[in-house]
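Just below is one structure, and these are the notes that go with it.
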Amino acid sequence: MTASKEKKLYVKKDWCKGCNICVAFCPMNTLELKDGKINIKDIESCTQCGRCELLCPDYAIYLGGTEDGKK
Amino acid sequence: MTSTLVENHFRIGKLPHIWCPGCGHGIIMRSIAVAIDELGYDKNDVCVVSGIGCSSRAPGYMDFNTLHTLHGRALAYATGVKMANPDLKVIVITGDGDCAAIGGNHLIHASRRNIDITTVVFNNNIYGMTGGQYSPTTPTGEKGTTAPFGNIDRNFDLCNLAKGAGATYVARSTAYHANMVKQQVKAALENKGFSFVEAVSICPTYYGRKNKKGDAVSMMEYLKNSTVNVKAADKLPKEKLEGKFLVGEFYKSEEPEYTEEYKKIIDSFQKER
């Protein structure tokens, strides 16, 4: 049931407004707010379900490819 | 860098958008972009039209042909766009105040004509941009800056209004149900005729604060817990539907489309020559 390792979770902190929606609705408790911005607390627990990307109103978190320089 | 979807369908230089922290509009706007992406439309074949309001900021961020028009008149402009170029996929992004109050007349007549336009209403139950005045969709008893002791008006059921006026596709979803928004916008874009999608949004800054609904997360929890799919609603006992609202596809039918009917008139004269 492990999700494809092809994708990675990225955050774009300067777009984050700290609304906390992704943290609250992440089913695996992977995320946290740090200094009012989104932070990946525990990447190992992420199953890449994509819910954070789906519910982020500010497009500050997303699943992307593994190419270099995508951070 | 950002996700390929955002990169391909948004004007990156205009982002981050101006909507408040926790505003549901961003989620709905993204779902519309995903719907267009999944349908594989060419960007040049899509025209997004809006009026005035929080919701109507959306076309400024979306990288298609876009029009930001007068308050309430988005559907009037969109009708003009569609009549001039019937091959365009015309999407109207509007808010509850824009669409149901000042633009209410345009809504009912666009529905009546069954012109092939997809309307997505970002319904946040309040006039957010101008400071939290109550709108035609603010529930009875709820507060706004212009209704500090509670709103005594009855609120519109926009889906019933559009259906009654003759829209051929009517559906409702919420910012929490982002995938449902996407599916409904896809179905609406594929429907040949006037399609109406009400996307219930959240406004933590005004509606939430005035009515003590808590932060963005509690408002999203509310959308999650107080919605019932229309397919399940018939089987549920009445007491389980109390205080809930319905989401899903309410109505779909086939009726003559306006621009096609107009073309028939033109063709009939051209043949005579």
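Residues are listed down the side, and each one gets a yes or a no for (1) part of a loop (DSSP other than H, G, I, E, B); (2) of a type in the set (S, T, N, Q):
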{"residue": "B:184", "(1), (2)": "no, yes"}
{"residue": "B:188", "(1), (2)": "no, no"}
{"residue": "B:193", "(1), (2)": "yes, no"}
{"residue": "B:197", "(1), (2)": "no, no"}
{"residue": "B:206", "(1), (2)": "no, no"}
{"residue": "B:209", "(1), (2)": "no, no"}
{"residue": "B:213", "(1), (2)": "yes, no"}
{"residue": "B:220", "(1), (2)": "no, no"}
Subset of the range B:101-115 (residues that are under 22 Å from residue B:138 (Cα atoms) and crowded, with 24+ Cβ neighbours inside 10 Å): B:103, B:107
Given the criterion free of Cβ contacts under 8 Å to residues at least 60 places away in the same chain, β-branched (Val, Ile, Thr) and part of a helix (DSSP H, G or I), identify the matching residue among B:108, B:32. B:108
For the subset of the range A:39-62 comprising residues that are in contact with a helix residue (DSSP H, G or I) (Cβ under 6 Å, 6 or more places away or on another chain) and assigned to a strand (DSSP E or B), which member is surrounded by the most Cβ atoms within 10 Å (Cβ to Cβ)? A:61
In this structure, is residue A:2 more than 7 Å from chain B (Cβ to nearest Cβ), modelled with pLDDT of 90 or more and either on the phi < 0 side of the Ramachandran plot or open to solvent by less than 30 Å² (accessible area, probe 1.4 Å) (or both)? no
If residue B:92 passes every condition in (1) under 21 Å from residue B:187 (Cα atoms); (2) assigned to a helix (DSSP H, G or I) but one, which one does it miss? (2)
Consider residue B:47 against the criteria (1) in contact with a Leu (Cβ under 8 Å, 6 or more places away or on another chain); (2) in a helix (DSSP H, G or I); (3) crowded, with 20+ Cβ neighbours inside 10 Å: it satisfies all of them except one. Which criterion is unmet? (2)
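Could you check, for the range B:195-207, whether at least one of its residues is charged (D, E, K, R) and open to solvent by 40 Å² or more (accessible area, probe 1.4 Å)? Give the derivation first.
Quick first cut of the range B:195-207, residues charged (D, E, K, R) only: B:198.
When the remaining residues are screened for being open to solvent by 40 Å² or more (accessible area, probe 1.4 Å), the result is none.
Looking for residues that are charged (D, E, K, R) and open to solvent by 40 Å² or more (accessible area, probe 1.4 Å), one finds none in the range B:195-207, hence no.
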Filter the range B:1-15 for residues that are under 23 Å from the mean Cα position of the chain (by Cα) and outside any helix (DSSP H, G or I); which is surrounded by the fewest Cβ atoms within 10 Å (Cβ to Cβ)? B:11
From the option list B:42, B:63, B:37, single residue qualifying as out of contact with any Asp or Glu (no Cβ under 7 Å at 6 or more places or on another chain), within 14 Å of chain A (Cβ to nearest Cβ), open to solvent by 60 Å² or more (accessible area, probe 1.4 Å) and more than 18 Å from residue B:129 (Cα to Cα) is B:37
Which numbered condition in (1) surrounded by fewer than 19 Cβ atoms within 10 Å (Cβ to Cβ); (2) at pLDDT 90 or above; (3) not polar (S, T, N, Q) is the only one that residue A:21 fails? (1)
Quick check on my filter: what residues within the range B:224-273 are over 26 Å from the mean Cα position of the chain (by Cα) and assigned to a strand (DSSP E or B)? none
Go through the range A:24-35 and count every residue that is surrounded by 13 or more Cβ atoms within 10 Å (Cβ to Cβ) and either free of Cβ contacts under 8 Å to residues at least 24 places away in the same chain or of a type in the set (Lys, Arg) (or both). 5
Exactly one of B:231, B:224, B:252 is surrounded by fewer than 18 Cβ atoms within 10 Å (Cβ to Cβ) and within 28 Å of residue B:113 (Cβ to Cβ), and that residue is B:252
Do we have any residue at all in the range B:150-172 that's under 22 Å from residue B:77 (Cα atoms), in contact (Cβ under 8 Å) with a residue 40 or more places away in the chain and among the aromatic types (Phe, Trp, Tyr)? yes
Looking at (1) crowded, with 24+ Cβ neighbours inside 10 Å; (2) without any contact (Cβ under 8 Å) to a residue 24 or more places away in the chain; (3) not hydrophobic (A, V, I, L, M, F, W, C), which one does residue B:124 not meet, given that it meets all the others? (2)
Working carefully through the options B:193, B:248, find the one that is touching a Phe, Trp or Tyr at 6+ places or on another chain (Cβ under 8 Å) and either more than 30 Å from residue B:146 (Cα to Cα) or in contact (Cβ under 8 Å) with a residue 40 or more places away in the chain (or both). B:193
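The values are calculated or read from the model by the stated rules, or taken from the named source; none is laboratory data. Because the structure is a prediction, the values reported are computed rather than measured. Cβ sites come from the backbone with ideal geometry, for glycine too, and all protein chains shown count toward neighbours. All accessible areas refer to the heavy atoms of the entire protein, side chains included, with ligands and DNA or RNA removed. Shrake-Rupley method; radii C 1.70, N 1.55, O 1.52, S 1.80 Å.
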